[in-house]
Amino acid sequence: MQIADLHFSVSSGVCRDTPLAPCTGSDNLTSTLLSRMLDAEQPDLVVFSGDQLNGQGTAWDARSVLAKFARSVTERGIPWAAVFGNHDDEDGDTRESQIKYMQGLPYSLVQAGPKDIHGVGNYLLKVMSADSLVVLNLMAVSSQWFAVGLIVFFHRSKTHLLTLYFLDSGSYSKGFLNWFGLFVPTEYDWIHQVSAPASPHWHDV
Amino acid sequence: MDQITPDTRRLAKPNALMFFHIPLYVSRLVIPHKLFMITSFREESYAAPDVDPNTGRPLDVGLHDLEGQGSARKQDGFFHKGLLQALESDHRAGGNAKEVKVVSNGHCHGQSLP
């Protein structure tokens, strides 16, 4: 399940773009909606696709906002990943520090990614098959007492089923750099380098 | 015995999904006449959707046009040099599909309908 643009604040939030009237505590209302959707869909993974923080002067304590934005997900024990949007670091806390906060939250799969790649939070995750332990080999051995024993090897035959790429698409222009939605060669070179098949599988033609 | 080569299956990377916040911008060059060129800038994120080959209907689900286009205003070739060059295998012969099957963005909120 993808969750986009929560725009959470330090406060309980100000409602906008909604016909609901009166409307107060938008963050609480959003969390309630998220909880209902998570219970209905029961996803295996949640992806937050940016602007978890509202910025615009309302998310001045990023740590407190980050502590609450994923609560509906973490309370249900669901693993989650996230990318940054253009508002997330608007009120001071850097992307690098926010990555560290998020990595400290339960069930977080967030990674900072390589430092030589433009942006923060460029990483990939691999979805593996849910294979149970499989008996691989049976080996009969005879000891010096001519007893026959069996050595049983177990291992997981997990197969790489799906790759998830997470990229930082930048934020508003700061100084001379216009980074709004602009990917530069370090990022698209990176997706070619990192996507080498560790365990490729067969496709039907 | 003759060597049997697989003709119904091929080794390839798994499918990929890609997530990033701001939708992409892609420019396209159009040459309408041999004497002059007109450059058409079109944002790929908002281009006409593909058509389902089975039904003939556009692959366009959900609401749209609730707000202006929110894609990037500049690009450095990520779509053509990045996404379209990430293939399922290293084979360059015909039939090699793109590794990334879905790109998913955020950023564009849409306003609620009255």
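The values are calculated or read from the model by the stated rules, or taken from the named source; none is laboratory data. These numbers come from a predicted model, not from an experiment. Positions of Cβ are generated from backbone atoms using ideal geometry, with glycine treated the same way; all protein chains shown enter the neighbour counts. Protein only, heavy atoms only, side chains kept; ligands, DNA and RNA dropped before computing areas. Shrake-Rupley method; radii C 1.70, N 1.55, O 1.52, S 1.80 Å.
Would you kindly calculate the mean projected area, averaged across all directions, of the convex hull enclosing the Cα atoms of the stretch A:76-126, in square nanometres? Mind showing how you got there, number by number?
Details: hull surface 16.6 nm².
Approximately 4.1 nm², given one-decimal rounding.
Describe numerically, in nm with one decimal, the distance between label points set 7 Å from Cα along Cα→Cβ at A:S12 and at B:L84.
For the pair A:S12/B:L84, the computed spacing is 5.1 nm.
Evaluate peptide B:76-88: per residue, the Cβ atoms of other protein chains within 10 Å of its Cβ; return the mean as an integer. Each step should come with its number before you reach the end.
Numbers: counts 7, 4, 10, 2, 1, 5, 9, 4, 1, 4, 7, 2, 4.
Mean shielding count: 5.
In nm, to one decimal, how far is the modelled label at A:Q2 from the one at A:A21, with both set 7 Å along Cα→Cβ?
It is 3.2 nm.
Sort A:106-112, A:91-97, B:63-69 by the packing proxy (mean of other Cβ within 10 Å over each peptide's residues), most packed first.
The packing order, highest mean first, is A:106-112, A:91-97, B:63-69.
Going through the cross-link list A:K126/B:K81; A:K158/B:K98; A:K115/A:K158; A:K126/B:K98, which pairs have a Cα-Cα distance over 27 Å in this structure?
Correct reply: A:K115/A:K158.
At a probe size of 1.4 Å, how large is the accessible area of A:S171, to the nearest 10 Å²?
0 Å²
What are the semi-axes of the equivalent ellipsoid for the stretch A:1-72, taken as the square roots of 5 times the Cα gyration tensor eigenvalues, largest first, in whole Å?
So the three semi-axes of the stretch A:1-72 are 20, 16, 10 Å.
Under the definition of partner shielding as Cβ atoms of other protein chains within 10 Å of a residue Cβ, what is the mean value for peptide A:161-171?
Across the residues of A:161-171, the mean count of other-chain Cβ atoms within 10 Å is 6.
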